[in-house]
Each structure stands twice: as structure tokens, then as C-alpha cells.
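Since the structure comes first, as C-alpha cells, the remarks are kept for the end.
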Amino acid sequence: MKTCPICNTVMVDNVELRTNDGMGLCLAEKGLFGSSLGKVACAVCPECGHIETYLTSTDKVKKVTKQVVNNYKTNT
């Protein structure tokens, strides 16, 4: 349960943020054919309208981060 940092009201969680064409948002690796890193969801405050976005799962982000760190260590 998230609390709004603006007005301390309990936020409505796990709301989907959509583009104008109805598709949900996702976080993807950089580049035209980057793979999806996770579905973006959001929480919205019913009192002041503040919105926070977050990934529903961070597993793929953790995996990519480890790969980037390992590549950096190998190349330095």
C-alpha cells in the first residue's frame, strides 16, 4: 500500500498507464529492437492526482544490470 508523498492519502495501486492507441507502456533496452525489461504500472492518488510509475517486476532489469557491470569490469 503506497501513500502519496504530496498529501499522505492512500494511493490506488497497480493502475495501468496506456498510450493513446490503448497499448500499455513497457520499459525496453535502448535501440530499435531492444527487448522489454518489464511492464510499467502506476499508483494514483485519488485526492490530489499525483502519479508514481514503477515496474511490476525488476527481474529483467537486475539481469541486464549485472551484464552491464560484468562487461564494464571485463573492459577496464
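For segment 1-22, name all the residues that are under 14 Å from residue 50 (Cα atoms) and assigned to a loop (DSSP other than H, G, I, E, B).
2, 4, 5, 6, 7, 8, 9, 11, 17 - these are the residues of segment 1-22 that are under 14 Å from residue 50 (Cα atoms) and assigned to a loop (DSSP other than H, G, I, E, B).
Does residue 75 count as surrounded by fewer than 13 Cβ atoms within 10 Å (Cβ to Cβ), out of contact with any strand residue (DSSP E or B) (no Cβ under 6 Å at 6 or more places or on another chain) and modelled with pLDDT under 85?
Details: surrounded by fewer than 13 Cβ atoms within 10 Å (Cβ to Cβ): yes; out of contact with any strand residue (DSSP E or B) (no Cβ under 6 Å at 6 or more places or on another chain): yes; modelled with pLDDT under 85: yes.
Considered against the rule, which asks whether it is surrounded by fewer than 13 Cβ atoms within 10 Å (Cβ to Cβ), out of contact with any strand residue (DSSP E or B) (no Cβ under 6 Å at 6 or more places or on another chain) and modelled with pLDDT under 85, residue 75 comes out as yes.
Can you tell me which residues in segment 38-58 are assigned to a loop (DSSP other than H, G, I, E, B) and closer than 13 Å to residue 17 by Cβ? Spell out how you get there, then give the answer.
Within segment 38-58, the subset assigned to a loop (DSSP other than H, G, I, E, B) is 45-50, 56-58.
Correct list: 56 only.
Contact list please: Cβ distance under 9 Å, first residue in segment 1-21 and at positive phi, second residue among the polar types (S, T, N, Q), pairs at least six apart or on different chains.
Sorted first by the residue in segment 1-21, then by its partner, the pairs are 14/56.
The values are calculated or read from the model by the stated rules, or taken from the named source; none is laboratory data. From a predicted model like this one, the values you see are computed outputs, not experimental measurements. Glycine gets a Cβ as well: all are built from the backbone with ideal geometry, and neighbour counts include every protein chain shown.
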